[in-house]
1. Working only within segment 378-394, note down all residues that are surrounded by fewer than 16 Cβ atoms within 10 Å (Cβ to Cβ) and within 27 Å of the chain's Cα centre (by Cα).
2. Are any of the residues in segment 426-433 at pLDDT 95 or above, buried (at least 22 other Cβ atoms within 10 Å of the Cβ) and hydrophobic (A, V, I, L, M, F, W, C)?
3. Go through segment 135-183 and give me each residue that's farther than 18 Å from Thr89 by Cβ and buried (at least 24 other Cβ atoms within 10 Å of the Cβ).
4. Please tell me if Ile186 is buried (at least 19 other Cβ atoms within 10 Å of the Cβ), assigned to a helix (DSSP H, G or I) and under 19 Å from the mean Cα position of the chain (by Cα).
5. Would a scan of segment 453-468 turn up a residue that is more than 21 Å from Leu119 (Cα to Cα), among the aromatic types (Phe, Trp, Tyr) and either crowded, with 23+ Cβ neighbours inside 10 Å or modelled with pLDDT of 90 or more (or both)?
6. Can Ile222 be described as closer than 30 Å to Thr507 by Cα, of a type in the set (A, V, I, L, M, F, W, C), under 27 Å from the mean Cα position of the chain (by Cα) and at pLDDT 85 or above?
7. Is it the case that Cys123 is in a helix (DSSP H, G or I), at pLDDT 90 or above and crowded, with 23+ Cβ neighbours inside 10 Å?
8. Checking Ser181 against (1) among the polar types (S, T, N, Q); (2) in contact with a Lys or Arg (Cβ under 8 Å, 6 or more places away or on another chain); (3) not in a helix (DSSP H, G or I), only one condition comes out false. Which one?
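The values are calculated or read from the model by the stated rules, or taken from the named source; none is laboratory data. Remember, it's a predicted structure, so these values are computed and weren't measured experimentally. Counting neighbours? That spans all protein chains shown, and the Cβs are built from the backbone with ideal geometry, glycine included.
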Amino acid sequence: MSRIFTELQLPASSYQTISKPSSSDLEILLTDLPKEAQRPSSKANDSFQQSLGGEPSENTTGPTQISTLKASVIIATAASMTLMSSLLTGILTVGLPVMAKNIGLKENLLLWPASVHGLACGCTLLLSGSVGDVIGNRSLYLAGCGLLSAFTLGCGLAQTGIQLIIFRAISGVAMSLSLPSSVSIITTTFQAGQRRNIAFASLGASQPVGFSLGIVLGGVLIAGIGWRYGYYIVAALNVCILLVAIWQIPKDPRVAAGTITWTRLYYGVDWMGTALVSLSLGIFSYTLSTMTVSINELTKPANLALLILSLIFLVAFIFWIFRQEKLGRVAMIPPSLFKADASSAPCRARNFTTVCISVFLTWAVFNAFQYFTSLYFQRIQNLSALQASARFIPMVVAGALTNIATGLLVQRVKANVLCVFAAIISGIAPLLMALTKPNWSYWTVPFIAVGLIPVSADTLFTVSNLVITSTFPAKMHGLAGGVFNTISQIGMSVGLAVAAVVANAVTGSLADGGESTRDEKVVQAVLKGYRAAYWMSFAAGAVIVGLSWWGLRSIGKIGLKMD
């Protein structure tokens, strides 16, 4: 399953970490600014890269003396936010059909509570990383934890579908505040060594553990006292995490020294770039939601105008980041990441572009499969949420085994071969679900499909991080890793939205005359819509296979131990 700002646990000599230290680059850069606050020089992006996960310099170390108990508390606190986010994802995955019925969520907005969270998180992830480097990561982490507590409770109290969508969107922003800052807390608290490795291992493990707990908890609560209590429980846990964080997380030394100023906040963040890309993706997602009612909605003047406006904002964003980099200012996504130069590794641009496109498509397929399969179990096979949750357990087990296998194979098998075989294996999953019939046993097809789907995502996560560390200089690792994680979040959101458009377009054309969701004609129409979404996912998987073979052909074996 997807990982966010985690670190690969390979031998220390075999890789450079992708982590987020407490960078002092921007602080040094802006210390000499005159009072009229001139803009930062071309080194601004180096600081921005550090804010998103660059390797700490040699003199950036954590405390030399820290008790084992306090270290354990800090590690648990830093990993808890990822755990809570994944737990909520698990609850939503199995509980969405029941939740939609209880709060009257319209059919065309059914998947929005899931997609809007990733969209909001992805659009603000890079921004949050740079803001944290400017104002201090402890403050950013506490803000994210507090916001998530409040709006998780809001999700539990939501009375309408629109309220749930809004609260989920703000929860996504809250997670974007906490994820990069949690990595920084680890790198600034612990020196390189066993404790830091344990901390990052805990951070990486928190996501699959949280998702599996959410799947089980969601099924149990829905079968018992109700889905709202899942959000109440997580909100209460978040408050506890917030209190522990206030008590235990060390203060940022820059805050204590009083070096943070409004000048740094203004010039150290690409506010315009963030606004442009957020508006573009937000409007585009809204347009897709209108199309889930009927594909003909796109022909309406208002929706057509919004789609054009979304494209205008996207083009403006591209021009803006090129301009920012040309002037030596901070750019949200510096175009130089995707360009080769004399100093770059061979085929770096092609490798990174391939990784980004593959990540986008892989997480789009994975997220769409996850939610449509939950809907299939509950709406087509009429299973309970608890029964549906039990059917996702093979996904968690397969994800864990894939991580172990990839760690063993990545130094022995070429990267493109590894990614191609993983993509083929996961590509079979939507194909099987497109062909399965509701009266077939779970063990004949769905069990296999659920077990195969995480293979590509988990393999690509490992390979992508190693590609980044092997093709980019150390100072660019953080920024490249930040872009990688942002694209995965946006891919999950857009993929789910597009799959919903395809499914509802097919369903809408076949379901005329059905009176209820259990009307046989409607059920068959919904099933054909789900199958269309699976076929689309299968096609995307085929693209991933070809792209991985061609785009990564020059990499060879990665993660080899360096003497």
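1. Hit for segment 378-394 is Ile393, nothing else.
2. Within segment 426-433 (the criterion being at pLDDT 95 or above, buried (at least 22 other Cβ atoms within 10 Å of the Cβ) and hydrophobic (A, V, I, L, M, F, W, C)), the answer is yes, since at least one residue qualifies.
3. Asn137, Leu140, Tyr141, Pro180, Ser181, Val183, listed by residue number.
4. Working: buried (at least 19 other Cβ atoms within 10 Å of the Cβ): yes; assigned to a helix (DSSP H, G or I): yes; under 19 Å from the mean Cα position of the chain (by Cα): no.
The answer is no for Ile186.
5. Within segment 453-468, none of the residues are more than 21 Å from Leu119 (Cα to Cα), among the aromatic types (Phe, Trp, Tyr) and either crowded, with 23+ Cβ neighbours inside 10 Å or modelled with pLDDT of 90 or more (or both).
6. Working: closer than 30 Å to Thr507 by Cα: yes; of a type in the set (A, V, I, L, M, F, W, C): yes; under 27 Å from the mean Cα position of the chain (by Cα): yes; at pLDDT 85 or above: yes.
Yes; evaluated as a whole, the condition is true for this residue.
7. On the way: in a helix (DSSP H, G or I): yes; at pLDDT 90 or above: no; crowded, with 23+ Cβ neighbours inside 10 Å: yes.
When the stated conditions are applied, Cys123 does not pass them.
8. (3)
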